[in-house]
């Protein structure tokens, strides 16, 4: 750990135990006008200065009043001043990153991690996540790792090895699967695990929304822009960078299915999917429905669609032998032999996940989400494999697949042909 002994010993701000993990109180903030760095101040490094990364940094600064952002990095230079400007307005004096700690380029993540920070926030497109996570773990940093953790099976095994090493080093590793940090959902899934629903028989989850980011036509590509930059600037539309919409966005619904099933993997899955809207050069689907089969015949069905002008829904409907749980945007509820509805506090889950991280750091009680965040990511990859191939995919096939979508190395002048969109029945899983 890269924190002082006095910091680890200090518990005046935070107490962390398993009993309080599901009942997070408000963040304890140092007034902005009187903030001054001291021996207990944690230094944050941000890798990826887009909207999610800037949001994560703001969440971290909100969660712990005695931390500052001291280093930032992004592949593209224009992202950094926009990010810092936003943070400075919200948190005066706590995001004044000097020019020499503002890193640009494909190796910016290494420079951020090596800059003397205590905590690293990993928020780039997920195609880069396995390498970034490994570097942060090897450097002994405390880590917030945005979801998903990889875009192919090779990458997720790389992540699993990083998780193993992080445990050996007693590092804190908190994932960006934000719903696990939402107090109403924590209460709901505790009810489910305590048996209020009886045995879970089926789960139907929806992620029916509009598109995230459209792909511009090739004619919009600036003259001289290389393949890598073009794809990174439109990263959501390329499966090696995003994992597809099912893995990048709908992964939250996938994670809630895993949560329902206590993170036990399914036996197998089948899926349908495809592309309805033109996507120019992109190669991701815009709809997918995956059916997972668990032991004892339990089925989990996840319907994902990102097409405009359609009915939207983002909910989970869980059927058990003693009742039904509705996990919607309103308060989650259970009806059946026992009626239950959440009526407790609702702090911002994006802040809570960082509160949990900083509590763990300051208390010396390690929190490591590595195992289940890997399982949830592989569960999403498994569903995509089934949709792309049109075949039944077992958990063992998904785990042992040699599929590798991300390049082995990166350079701005590299040739990076765009893979054809997968056609079910023809696409082969390696």
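Any residue that is part of a helix (DSSP H, G or I), modelled with pLDDT under 75 and at negative phi - is there at least one of those in segment 49-67? No, segment 49-67 contains no residue that is part of a helix (DSSP H, G or I), modelled with pLDDT under 75 and at negative phi. The residues in segment 316-335 that are at pLDDT 95 or above, buried (at least 17 other Cβ atoms within 10 Å of the Cβ) and within 24 Å of the chain's Cα centre (by Cα) can be counted, and the count is 3.
Would it be correct to say that residue 372 is over 25 Å from residue 292 (Cβ atoms) and in contact (Cβ under 8 Å) with a residue 60 or more places away in the chain?
Details: over 25 Å from residue 292 (Cβ atoms): no; in contact (Cβ under 8 Å) with a residue 60 or more places away in the chain: yes.
No, not satisfied.
Sort out which residues of segment 68-95 are more than 20 Å from residue 352 (Cα to Cα) and part of a strand (DSSP E or B), and write them in order of number.
Result: 70, 71, 72, 73, 74.
Of the residues making up segment 282-295, just one is in contact (Cβ under 8 Å) with a residue 60 or more places away in the chain and farther than 15 Å from residue 244 by Cβ, namely 292.
May I ask you to verify whether residue 317 is in contact (Cβ under 8 Å) with a residue 12 or more places away in the chain and under 19 Å from residue 396 (Cβ atoms)? Steps first, please.
Values: in contact (Cβ under 8 Å) with a residue 12 or more places away in the chain: yes; under 19 Å from residue 396 (Cβ atoms): no.
No, not satisfied.
In this entry, residue 387 passes the filter for residues that are within 28 Å of residue 231 (Cα to Cα), in contact with a helix residue (DSSP H, G or I) (Cβ under 8 Å, 6 or more places away or on another chain), touching a residue at least 60 places away in the same chain (Cβ under 8 Å) and surrounded by 20 or more Cβ atoms within 10 Å (Cβ to Cβ). Can you pull out the residues in segment 192-207 that are buried (at least 18 other Cβ atoms within 10 Å of the Cβ) and not in a loop (DSSP other than H, G, I, E, B)? Across segment 192-207, the qualifying residues are 192, 200, 203, 205, 206, 207. Within segment 224-236, identify whether any single residue is part of a loop (DSSP other than H, G, I, E, B), free of Cβ contacts under 8 Å to residues at least 12 places away in the same chain, in the same structural domain as residue 388 (by TED's automatic domain parsing) and closer than 30 Å to residue 127 by Cβ, and answer yes or no. Yes, segment 224-236 contains a residue that is part of a loop (DSSP other than H, G, I, E, B), free of Cβ contacts under 8 Å to residues at least 12 places away in the same chain, in the same structural domain as residue 388 (by TED's automatic domain parsing) and closer than 30 Å to residue 127 by Cβ. None of 219, 214 is surrounded by fewer than 23 Cβ atoms within 10 Å (Cβ to Cβ), part of a helix (DSSP H, G or I) and modelled with pLDDT under 95 except 219.
Being touching a residue at least 60 places away in the same chain (Cβ under 8 Å) and crowded, with 24+ Cβ neighbours inside 10 Å is a property that residue 263 lacks. Figure legend. Inter-residue proximity from segment 35-46: first residues free of Cβ contacts under 8 Å to residues at least 24 places away in the same chain, second residues part of a loop (DSSP other than H, G, I, E, B), beta-carbon distance below 9 Å, spacing 6+ or different chains. Indicated pairs: 36/30; 36/93. For segment 390-413, taking the residues that are within 20 Å of the chain's Cα centre (by Cα) and part of a helix (DSSP H, G or I), the one that is surrounded by the most Cβ atoms within 10 Å (Cβ to Cβ) is identified as 398. Do we find a residue being out of contact with any helix residue (DSSP H, G or I) (no Cβ under 8 Å at 6 or more places or on another chain) and free of Cβ contacts under 8 Å to residues at least 12 places away in the same chain anywhere in segment 62-77? Looking through segment 62-77, none of the residues is out of contact with any helix residue (DSSP H, G or I) (no Cβ under 8 Å at 6 or more places or on another chain) and free of Cβ contacts under 8 Å to residues at least 12 places away in the same chain.
The values are calculated or read from the model by the stated rules, or taken from the named source; none is laboratory data. Model, not experiment: these values are computed from the prediction. Glycine also receives a Cβ, built like all others from the backbone with ideal geometry; neighbour counts cover every protein chain displayed.
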